[in-house]
Ligand SMILES: C[S@@+](CC[C@H](N)C(=O)[O-])C[C@H]1O[C@@H](n2cnc3c(N)ncnc32)[C@H](O)[C@@H]1O
């Protein structure tokens, strides 16, 4: 039996209410995660490995360590363990269809296009975006910015290698044109180097002020605000909207409603919003 398996089988104390409260406060303050009461089991399952492998005798000792670790490393590991990284290629496919039909033809008239996948997780979303845009314009004109709070997720996104089963949802022409098969028969696929070269990945916490003031024509920020409370959602949406160019589109997850949120974006269709074009319309004169 491996050491890690052995560690997992050792009996461990339950997460006390006070420990849960401490982790809850920490997660909320550091990355906006709103852990509702009732999530104790989920939290203890996700942190157990970290607590055991760090040699801590209790969750309390572990919490104390995270709070006092000035390097920030333990907090990063806690975030990596608590964040839900679930994602997939072509997730919420109607968004990519909208992008292909309504947005890509307009962007194809431009000399350069930079799109942002905020909370890109392990990269499936940003690469799907890249493939849709690549069908409409040359790779060299596309720039991709992928950000996430999780370093672990970002490392996978950069690597851009996915098990064969994960890419099976992609249309065959994409599989052959935009990915390299690894092995024969292929056990995994890697996004082609020319497409990877157009992407920049950066660690970014959406609840903090953004380190830039850019104007993107397209921002995907999907399935992350669902973990935030209303006040945090309000702030994040305002900051995303400020980073959209007039006429630019914001795509959010279908489970993420803007109801009760004060914003200046136009509703386009479910989970798609747009910054008003303005009188001149500029490049968005469709
Ligand atoms: C469920 S995944 C969504 C991935 C992708 N956008 C999608 O819809 O398939 C949520 C991602 O949000 C990231 N995340 C959570 N809190 C964040 C924050 N405060 N700032 C930036 N990213 C965050 C997590 O690390 C995770 O990778």
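The values are calculated or read from the model by the stated rules, or taken from the named source; none is laboratory data. What you are looking at is a predicted structure, and each value in this text was computed from that prediction instead of being measured. Cβ sites come from the backbone with ideal geometry, for glycine too, and all protein chains shown count toward neighbours.
Can you tell me which residue within the range 97-121, out of those that are touching a strand residue (DSSP E or B) at 6+ places or on another chain (Cβ under 8 Å) and free of Cβ contacts under 8 Å to residues at least 60 places away in the same chain, is nearest to residue 208 (Cα to Cα)?
121
Restricting the first residue to the range 73-85 and requiring it to be more than 18 Å from residue 224 (Cα to Cα), which pairs with a second residue that is near the ligand (Cβ under 9 Å from one of its atoms) meet a Cβ separation below 8 Å and a spacing of at least six or different chains?
Close Cβ pairs satisfying both conditions: 75/30.
State all residues of the range 125-152 that are touching a residue at least 40 places away in the same chain (Cβ under 8 Å), more than 21 Å from residue 237 (Cβ to Cβ) and either touching a strand residue (DSSP E or B) at 6+ places or on another chain (Cβ under 7 Å) or not assigned by TED's automatic domain parsing to the domain that holds residue 170 (or both); if no residue qualifies, say none.
127, 130, 134, 142, 143, 144, 151
In this structure, is residue 180 in contact (Cβ under 8 Å) with a residue 40 or more places away in the chain, farther than 22 Å from residue 115 by Cβ and surrounded by fewer than 21 Cβ atoms within 10 Å (Cβ to Cβ)?
Answer is no for this residue.
Which of the residues belonging to the range 187-244 are farther than 24 Å from residue 100 by Cα, more than 15 Å from the ligand (Cβ to nearest atom) and part of a strand (DSSP E or B)?
Correct list: 188 only.
So which of 172, 280, 192 ends up being out of contact with any helix residue (DSSP H, G or I) (no Cβ under 9 Å at 6 or more places or on another chain) and either closer than 30 Å to residue 35 by Cβ or at pLDDT 95 or above (or both)?
Checking each option against the conditions leaves just 172.
If you check residue 255 against the conditions, is it outside the structural domain of residue 77 (by TED's automatic domain parsing) and surrounded by 13 or more Cβ atoms within 10 Å (Cβ to Cβ)?
In short, no.
Which ones in the range 153-168 are in contact with a strand residue (DSSP E or B) (Cβ under 7 Å, 6 or more places away or on another chain) and surrounded by fewer than 20 Cβ atoms within 10 Å (Cβ to Cβ)?
158, 161, 163, 164 - these are the residues of the range 153-168 that are in contact with a strand residue (DSSP E or B) (Cβ under 7 Å, 6 or more places away or on another chain) and surrounded by fewer than 20 Cβ atoms within 10 Å (Cβ to Cβ).
With the requirement that a residue be within 16 Å of the ligand (Cβ to nearest atom), closer than 18 Å to residue 89 by Cβ and more than 12 Å from the chain's Cα centre (by Cα), what does the range 132-155 give you?
Hits for the range 132-155 are 132, 144.
Which one of 101, 110 is outside any helix (DSSP H, G or I) and more than 15 Å from the ligand (Cβ to nearest atom)?
110
Every residue in the range 64-113 that is buried (at least 17 other Cβ atoms within 10 Å of the Cβ), closer than 30 Å to residue 140 by Cβ and under 17 Å from the mean Cα position of the chain (by Cα), please.
87, 89, 90, 91, 92, 95, 96
Need pairs with beta-carbon distance below 7 Å; first residue in the same structural domain as residue 126 (by TED's automatic domain parsing) and in contact (Cβ under 8 Å) with a residue 12 or more places away in the chain and within the range 153-167, second buried (at least 16 other Cβ atoms within 10 Å of the Cβ) and assigned to a helix (DSSP H, G or I); sequence gap 6+ or separate chains.
Pairs that qualify, where the first residue is in the same structural domain as residue 126 (by TED's automatic domain parsing) and in contact (Cβ under 8 Å) with a residue 12 or more places away in the chain and the partner is buried (at least 16 other Cβ atoms within 10 Å of the Cβ) and assigned to a helix (DSSP H, G or I), are 157/126; 160/127; 160/196; 167/175.
Just need a number here: residues in the range 117-168 that are within 22 Å of residue 203 (Cβ to Cβ) and assigned to a helix (DSSP H, G or I).
16
Among the residues of the range 213-242, write down those that are over 17 Å from the mean Cα position of the chain (by Cα) and touching a residue at least 40 places away in the same chain (Cβ under 8 Å).
Scanning the range 213-242 gives 214, 217, 229.
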